[in-house]
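For reference, the structure discussed in these notes is given below.
The values are calculated or read from the model by the stated rules, or taken from the named source; none is laboratory data. Note that the structure is a prediction, hence the values are computed from the model and not measured. Note that we place each Cβ from the backbone using ideal geometry, even for glycine, and neighbour counts take in every protein chain shown.
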Amino acid sequence: MNWKVTCTMGERTAFIEAWLSRRFTVTELCIRYGVSRKTGYKWIARFKSLGMTGLEDASRARHSQSHQTADAIVARILELKNQYPDWGPVTIRSALYRSATDRHWPQRARLVKYLRHTGWLSRVSLVGKRHRKPSHYIMLSAQTTSGAPTSRASFG
């Protein structure tokens, strides 16, 4: 069996040309082209408002980024970093919070992203500071009341 190879834009164009010929109803065209009536009417509406270019796939990206940090806040972060080059993300965030406690400032990880993006912070500068284990967390043995070391396994 041979498969018919078609492109999306070609199918939509043929659908509209058949619709313009007025020989078929929209329902018949939708059955013929294997689309729902909702999709058929959507293509027709796009054709009426935008012409043939309206048949192309529209972008599915968001129109606005609601979670994006305002440019003024990013500028303030970079201004503080320029003023105090030794300050890190935590100190900058603390200074921002102290300057206006009623505002919602970006978290430390977001500040790290901005500072890395602008070249103020490299990945190497944070290595080891967060994942270092203090030696007092490592317990090799437990002391009993008599002072003799025992292992945890003996506490059964």
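Things worth noting here:
- Only one of Arg93, Arg12 that is touching a Leu at 6+ places or on another chain (Cβ under 9 Å), farther than 30 Å from Thr118 by Cα and touching a residue at least 12 places away in the same chain (Cβ under 8 Å): Arg12
- Residues located in region 15-40, provided they are under 20 Å from Ala58 (Cα atoms) and in contact (Cβ under 8 Å) with a residue 24 or more places away in the chain: Phe15, Ile16, Gly40
- Elements of the type helices (runs of 4 or more DSSP H) sitting completely within region 1-120 and holding at least 2 residues that are surrounded by 13 or more Cβ atoms within 10 Å (Cβ to Cβ) and over 29 Å from the mean Cα position of the chain (by Cα): these cover 8-21, 26-33, 37-50.
- Thr150 vs. criteria of a type outside the set (A, V, I, L, M), modelled with pLDDT under 90 and within 30 Å of Ala72 (Cα to Cα): no
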